[in-house]
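Novice: Below is the structure I would like to discuss, written out as structure tokens.
The values are calculated or read from the model by the stated rules, or taken from the named source; none is laboratory data. As the structure is a prediction and not an experimental result, all values here were calculated from the model. All Cβ positions, glycine included, derive from the backbone under ideal geometry; neighbour counts span all protein chains shown.
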Amino acid sequence: MSNVNGVGSNNIYDQINQKNQSQSTATDSVSEDRQMFMKLLIAQLQNQDPTSPAETSDFMQQISTLSNVESIQNLSKTMETMSSTLISSQAALQASSMVGQRAFVNTDIAQLPQQGGLVDGLVSTDVSSSDIRISIYDGSGKRVDRVSMGAQPPGDHNFVWQAGENVPAGNYRIVAEAASSADGEYEEVATYMGFNINSVTLGQNGIGMKVNTAIGAIDMNEVKQLG
């Protein structure tokens, strides 16, 4: 399986282990609380009135209170650690399943993998259009092809560009335009081009995840569709 930064490698498991190791910090905190309570208890014994000593039941009640507070603190820390570990594990599994899929990214850059190959993407429109056309430009700005998708309702619409036999592999610029149903004028609309997900980079607790593609790392917020 392809390497996933923070998933396929040891990095994600190192992150999870670090969260598990944080339990030692919680234990130290509880130990400090216990020591503070014992110091206060000893100070109370040292300064009590010999003619009116405190009842044994009072001391037992204080010790019982300490035990209850300590148990609650331990339970709270344990739940926090379990929750954090679970979130990290779920993010790792989710990222693993994404490797090898196609991510449709908000960009006008298309990569033709081989001469005469295919390029896939999708167009997103907010209103109905009498026609959506896809124009393809090479690195010099020359238009090499144009594809009509016909009339389309509002929403996301997938398309495929079949390059001609003489069109070389490389990067191309894709411009999608939608024609108004009223006057037939074309206006540019958002395009999302498909790229293979080579690996995934996890953020803190799975937040801020990025997919790594041939055009670089892409924030998940910029991904319209997976498939």
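Novice: Which condition does Asp183 not pass, out of (1) without any contact (Cβ under 8 Å) to a residue 12 or more places away in the chain; (2) in a strand (DSSP E or B); (3) among the charged types (D, E, K, R), if it passes all the others?
Specialist: The single condition Asp183 does not satisfy is (2).
Novice: Cβ-Cβ distance below 8 Å, separation of 6 or more or different chains: which pairs start in region 145-156 with a residue that is under 17 Å from Val127 (Cα atoms) and end on one that is not in a strand (DSSP E or B)?
Specialist: That search, which allows pairs on different chains as well, returns Ala151/Ser128; Ala151/Ser130; Gln152/Ser128; Pro153/Ser128; Pro154/Asp126; Pro154/Val127; Pro154/Ser128.
Novice: Any chance region 199-215 includes a residue that's surrounded by 13 or more Cβ atoms within 10 Å (Cβ to Cβ) and in contact with a Phe, Trp or Tyr (Cβ under 8 Å, 6 or more places away or on another chain)? Before you say what the answer is, go through the steps one by one.
Specialist: Looking only at region 199-215, we keep the residues that are surrounded by 13 or more Cβ atoms within 10 Å (Cβ to Cβ), and these are 199-203, 205-206, 209-213, 215.
Narrowing further to those that are in contact with a Phe, Trp or Tyr (Cβ under 8 Å, 6 or more places away or on another chain): 213, 215.
There is at least one residue in region 199-215 that is surrounded by 13 or more Cβ atoms within 10 Å (Cβ to Cβ) and in contact with a Phe, Trp or Tyr (Cβ under 8 Å, 6 or more places away or on another chain).
Novice: If you scan region 192-213, which residues turn out to be at pLDDT below 80 and either part of a loop (DSSP other than H, G, I, E, B) or not β-branched (Val, Ile, Thr) (or both)?
Specialist: Residues satisfying the conditions are Leu202, Gly203, Gln204, Asn205, Gly206, Ile207, Gly208, Met209.
Novice: So Ala190 fits all but one of (1) surrounded by fewer than 17 Cβ atoms within 10 Å (Cβ to Cβ); (2) closer than 22 Å to Gly100 by Cα; (3) in contact with a strand residue (DSSP E or B) (Cβ under 6 Å, 6 or more places away or on another chain); (4) of a type in the set (Gly, Ala, Ser); what number is the exception?
Specialist: (2)
Novice: When residues of region 175-191 are filtered for being modelled with pLDDT of 90 or more and of a type outside the set (Ser, Thr, Tyr), how many remain?
Specialist: Of region 175-191, the ones modelled with pLDDT of 90 or more are 175-179, 186-191.
If we keep only those that are of a type outside the set (Ser, Thr, Tyr) too, we end up with 175-179, 187-190.
Residues in region 175-191 being modelled with pLDDT of 90 or more and of a type outside the set (Ser, Thr, Tyr): 9 in total.
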